[in-house]
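Report on the following structure.
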């Protein structure tokens, strides 16, 4: 039961973080990704703040038993290969075209915009196609 | 840089980091949203794992609703791209994140936070391609 309740709380908190930083707005994202517009480095600050927070917590806050078994598990999952490189490039292209990635898109379901729903259906189709 | 919002970006980013760490502590996994969503689509049966992943997505949507109520500016936007392009973008995002096993949260936040070489490379790549795509699109097509 704990994983289910805590998952909900984590999702809620994550979305609040996205909303406060306006990462839920694709135009804000494109404001960073498009170098020739009115360039907005906000996304860089979000990334830096989030990854630094995670770095600190990963090393010094989360239980060592959890992080060490996770590291062990993930180290089995390979090296850098074509799937990773091609996948990252393809994802980047999609992100640059729409200004949306999974987290903000799913959070934006709350806007009830039909474009968001359609984006997510398309995203689901893409995920299932990659198996 | 008239739209730069450094303080709310910092604050929001820290919250994202904290949420991801809380997820790690209580669910013992990487807070990668593309993977969480994909598992909702592909897991067989109604296991605790399925309910936990689904609860995360419901949490995201609930958080979105809270933001729409308390901080509506973040949720008020119009799309500056035609629908067919958004559909293409969605498909590429889905396909690419599945292939690389991650997205901006899994690789960009957690993977970079773990100083994982795979994630560092993936993040640099999707940032570079994202920037190239977003910068070239308005130049090639009238907005």
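The values are calculated or read from the model by the stated rules, or taken from the named source; none is laboratory data. Remember, predicted model here, so these are calculated numbers, not experimental data. No Cβ is skipped: glycine too gets one built from the backbone with ideal geometry, and neighbour counts run over all protein chains shown.
For region A:55-76, a residue qualifies if it is assigned to a loop (DSSP other than H, G, I, E, B) and surrounded by 10 or more Cβ atoms within 10 Å (Cβ to Cβ), and the qualifying residues are A:61, A:62, A:63.
Got a sec? Which of B:99, B:139, B:85 is out of contact with any strand residue (DSSP E or B) (no Cβ under 6 Å at 6 or more places or on another chain), part of a helix (DSSP H, G or I) and at pLDDT below 95? Before the answer, list the steps.
Details: B:99 fails: at pLDDT below 95; B:85 fails: at pLDDT below 95.
Testing whether each residue is out of contact with any strand residue (DSSP E or B) (no Cβ under 6 Å at 6 or more places or on another chain), part of a helix (DSSP H, G or I) and at pLDDT below 95 leaves just B:139.
Only one entry in B:24, B:7, B:58 is part of a helix (DSSP H, G or I), out of contact with any strand residue (DSSP E or B) (no Cβ under 7 Å at 6 or more places or on another chain) and under 25 Å from residue A:96 (Cα atoms), namely B:7. When only residues in region A:101-130 that are assigned to a loop (DSSP other than H, G, I, E, B) and within 7 Å of another protein chain (Cβ to nearest Cβ) count, which is surrounded by the fewest Cβ atoms within 10 Å (Cβ to Cβ)? In this case the residue turns out to be A:130. Within region A:62-74, is even one residue within 16 Å of residue B:6 (Cα to Cα) and at the interface with chain B (Cβ under 7 Å from one of its Cβ atoms)? No, the conditions are met nowhere in region A:62-74. Of all residue pairs spaced 6 or more apart or on separate chains, those with beta-carbon atoms under 8 Å, a first member in region B:6-32 that is more than 21 Å from residue A:68 (Cβ to Cβ) and a second member that is surrounded by fewer than 18 Cβ atoms within 10 Å (Cβ to Cβ) are B:13/A:48. Among the residues examined, residue A:33 does not qualify as more than 7 Å from chain B (Cβ to nearest Cβ) and more than 23 Å from residue B:21 (Cα to Cα). Looking at residue B:90, is it touching a residue at least 24 places away in the same chain (Cβ under 8 Å) and at negative phi? Criteria not met by residue B:90.
When we screen B:69, B:77 for residues that are part of a helix (DSSP H, G or I) and either more than 17 Å from the chain's Cα centre (by Cα) or over 20 Å from residue A:23 (Cβ atoms) (or both), the only hit is B:69.
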